[in-house]
Amino acid sequence: MAPAPRTALVPDPHGPGGRLQPLAEDGNPLGPPVRTPDLAAAVAEREAAEQPRWVWAAADSAYAPLLPLRLARCHDLRLTEALLLGHDGAWGAPRSLGAAWARLRGLPVPADLPESAGPDDQDGLFAPDRLQLPPGTDPLAAVVAVHAEQQRRTGSIADPATRARFRLLVAAESAGGLLAAEMSHDGLPWRADIHDRLLTELLGPRPTVPGTHPSRLAELAVELQQALGGRPFNPDSHSQVLRAFAEQGIQLGSTRSWELNRVDHPAARLMTRYKELSRLHAAHGWAWQDAWARGGRFRPEYVVGGVVSGRWASRGGGALQIPRILRRAVVADPGWTLVVADAAQLEPRVLAALSQDAGLARSAAEGDLYSALAATAFHGDRDKAKLGLLGAMYGQTSGDIGPLLATLRRRYPTAMGYVEAAARTGEDGGIVRSRLGRTCPPPSADWLDLTEAPESATEAGGRSARARGRFTRNFVIQASGADWALALLAALRRRLTALESGADRPHLVFFQHDEVVVHTPLNLADQVAAAVADAAEEARTLVFGDTPVRFPLSATIADCYADAK
DNA sequence: TCGACTGGCGCC
DNA sequence: AAAGGGCGCCAGTCGA
C-alpha cells in the first residue's frame, strides 16, 4: 500500500482560519504553505479528496476545534515525541512541539505545562501558547521541521521489522489521539435519572444541603457508633475507626475491607457497608453527576498514553473507574443501541503470543484459556490455573502460589522464561519494550528509596530491584496488550467510519483497556458487531503477526451497558 | 489556609 | 518475615 500523502495543519491562534502544507513521507514540503480563512472547510475538502495523514502538534489543539469533523488518520507530534524519547533513552523529557523544536535547534528546552483539570477548564487546552514555542517562531515551520526529524529518527531504527512495528505504534498511538478527542466530544450516553434513582435507592434522597451526608450514610454512622460502645467518632477517619474498634478489643492493622471482613463483629459489617456507600457518594454521587454527566452525556477527558505501559488514563470524572453498578445508567438513545465488546483473557494471550510458547499458545488458540491450561497442567482446576498464570505475570510470590509457579515452569518453560527474563532485565537496571516498541521508564530514585529503610542498604537495594523486576515483568505484557488494544481501536474506528445510516453513524463512546462500547443506530448493530470481530483479527495480525494465539472479542448488543455479556 | 501525603478502593 | 502490575480520586491528616 502506498503511503498516504501527508499534510501539516496549524490552526490560527484565534479565529477559524489556519494553514496547511503538503508533505512527503520523509517530511519534506511538497509545496508552499496554504492559508485558508476556514480551516474546517479546507480540511474537510482535502480529507474527502485524498485522506491525507494529517500532521499536527497535538489533537487537543488541532483536532478538537474541528470536531465533529472526522479525519481518518494523523501523525500526532506530541504523542510520537514521547514514544521516540522513550525509545532513545530520554524517557520523560518534555514532549511539546516547542520542546521538540528546541532540541532540534539547540535551544533551552521548555518544561511541559501542567495539564488542565476539571470539566470547566476546557479553554486552556486550545490556547496556542501550550505549544511552548519561543516567541516569534512560526508554528507551521516548527510542525514541519519536528515531523521531518521524527520521521528521520524512526527511519534510523536499524532492524527493519522493529522499525515497521514502531511505525505501526506511531500510527496507532496517533489514531488513539483522534479517538480520544472524538469520544470526549461525543460523550458516553448517561441517563441522569437512572443514576439518580440508583443513588437514592442506596443512599437515600439527595441531600438538600450540599456537603452533608445523605440519610443512609448518616444512619449507618450512628449504627456504627452504637455497635462500638456509643462514643462518637468519624467513620471517615482511619485513626478514629482503629481506636473505636480497639476499644472493643478488636485490634486492626488497617481499615482495609479484607481485614474488616475477617472480623466477626456487627460493627465490621456496618463499617464495610459504610465505606462502600461513602465511596459511591464521594466518587460517583450527585456532585460527580453535576460536574461530569450533564446533558445526557458523560464527557471525561482521556489521556492517550497516560500510563507508562501505553494504557490510557483519564483526567477528571474517573472515566476508567466507573463502578460496575453505575453501568445501569449507560443507556442507548431511542432508536440506537450499544455494542459492548471485551477481550477475554487478554494478558495471558499476549504472553502466549509474545513468548511463542507452543504449549501456552495451544491453550490460547481458542475458547477459555484458563480451562485449557487447567486441563493440561492443573488436573482441571481452573482457579489454580488462573491464579498461577496471573501470579507469574505480576511477579507474585506470596501465599500458596509457589507450587503453581513450579508447575507452570515445568509445563510452559518458554513462557515462564520470557517473563523471568523481563524481570531479570529490570532487576539489573535495564529497560524492556512492548511488542510494538514502547519503552519502559529507566530505573529512577523511586526504585531505591533508602531513607526510610530500617534494614541495610543491601537489603533495601535488593527489595527495590525486585520491585522493578516485577514492574518490567508486567510491563512487557501490559504494554503489549495496550499495543493490541490501540491497533484494535484504530481498526475498529476505520470500519465504523464506513458504516452509515442516513445522517447517523455508529461511534465509539467508551474504551477501557480491553473493552470497547459502540453507540450505534439499531439497524447497524449487527454490522458493528461484525466490524468488532474483524478489527480484533486485524489487530492480532498487525501486532503479533503469524501466531496461533487468538484474541477473541465477544460482542454483545444491548440497550444498557449493564445488560451486556 | 493550602499543598503534599496517606490510606483505601474503584477499574483493568 | 514478607513476599502482585498499572492507574485516579476522595477524605483525612499534617506541616509549612
Report summary line: For segment A:484-565 the mean separation of alpha carbon contacts under 8 Å (6+ apart) over residue count, i.e. relative contact order in percent, is 28 percent
**Report entry** Angle between chain A longest axis and helix A:139-155 axis [Cα atoms, degrees, rounded to 10]
**Finding:** 80 degrees
Report summary line: Most exposed to least, judged by fewest other Cβ atoms within 10 Å, A:347, A:81 sort to A:347, A:81
Report summary line: Amide H contacts under 5 Å for residue A:6, restricted to residues at least 5 apart in sequence or on another chain and with H modeled in the peptide plane, are A:23, A:53
Requested in this report: Could I have the simple spin-label model distance between residue A:104 and residue A:368, label points 7 Å from Cα toward Cβ, reported in nm to one decimal?
Outcome: 5.4 nm
Query raised in the report: For segment A:193-289, what's the relative contact order in percent, using C-alpha pairs closer than 8 Å and at least 6 residues apart?
Result: 25 percent
Query raised in the report: Near the amide H of residue A:303, under 5 Å away, which other amide H atoms are found, from residues 5 or more places off or on another chain, if H is placed in the peptide plane?
Result: A:313, A:314, A:315
**Report entry** ³J(HN,Hα), Karplus 6.51/-1.76/1.60, whole Hz, each residue of segment A:94-105, x for Gly, Pro
**Finding:** x, 10, 5, 4, x, 5, 5, 4, 5, 4, 5, 9
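What is segment A:251-346 by shape, rounded, prolate or oblate, if you read a ≥ b ≥ c off the alpha carbon gyration tensor as root eigenvalues and call it rounded for a/c under 1.5, prolate for a/b larger than b/c, and oblate otherwise?
Here segment A:251-346 falls in the prolate category.
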Requested in this report: Quote the relative contact order of chain A in percent (integer), defining contacts as alpha-carbon pairs under 8 Å separated by 6+ residues.
Outcome: 14 percent
Query raised in the report: Residues with amide H under 5 Å of residue A:294's amide H, sequence separation 5 or more or different chain, H placed in the peptide plane at 1.01 Å from N; which?
Result: A:299
Query raised in the report: By DSSP, what percent of the beta bridges with both residues in chain A are antiparallel, rounded to the nearest 5?
Result: 85 percent
Query - Whether segment A:6-186 is rounded, prolate or oblate, judged on the alpha carbon gyration tensor where a/c under 1.5 counts as rounded - result: rounded
Report summary line: Shape call for segment A:463-524, from the Cα gyration tensor axes a ≥ b ≥ c (a/c under 1.5 means rounded, otherwise prolate when a/b beats b/c, else oblate), comes out prolate
Query - Cα-based equivalent ellipsoid, chain A: semi-axes from gyration tensor eigenvalues, Å - result: 41, 32, 26
Query raised in the report: Relative to the first principal axis of the alpha-carbon coordinates of chain A, what is the inclination of helix A:39-50, with its axis defined by its Cα atoms, in degrees from 0 to 90 and to the nearest 10?
Result: 80 degrees
Requested in this report: Give the angle, between 0 and 90 degrees and rounded to the nearest 10, that separates the Cα long axis of helix A:77-87 from the longest principal axis of the Cα atoms of chain A.
Outcome: 70 degrees
**Report entry** Hz values of 3J(HN,Hα) by residue in segment A:355-367 - Karplus curve (6.51, -1.76, 1.60), Gly and Pro given as x
**Finding:** 7, 6, 6, 4, x, 5, 4, 4, 5, 9, 6, 5, x
Query raised in the report: What are the GluC sites (Glu not before Pro) within segment A:475-565 that DSSP puts in a loop, where the Cβ has at most 13 other Cβ atoms within 10 Å?
Result: A:500
Query raised in the report: What list of ³J(HN,Hα) values in whole Hz, one per residue of segment A:234-248 in order, does the Karplus curve 6.51 cos²θ - 1.76 cosθ + 1.60 (θ = phi - 60°) give from phi, with Gly and Pro shown as x?
Result: 8, x, 8, 9, 4, 5, 5, 5, 4, 5, 4, 5, 4, 5, 9
Report summary line: Per residue, the convex hull enclosing the Cα atoms of segment A:193-289 spans a volume in Å³ of 97 Å³
Query - Inter-label distance, nm, simple model (7 Å from Cα along the C-beta direction), residue A:537/residue A:215 - result: 5.6 nm
Report summary line: With R₀ set to 51 angstrom, the calculated FRET efficiency between the beta-carbons of residue A:333 and residue A:237, to the nearest 0.05, is 0.70
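None of the figures in this text is laboratory data; all of them are computed from the coordinates on show. Model, not experiment: these values are computed from the prediction. Cβ atoms come from the backbone with ideal geometry, glycine included; neighbour counts cover every protein chain shown.
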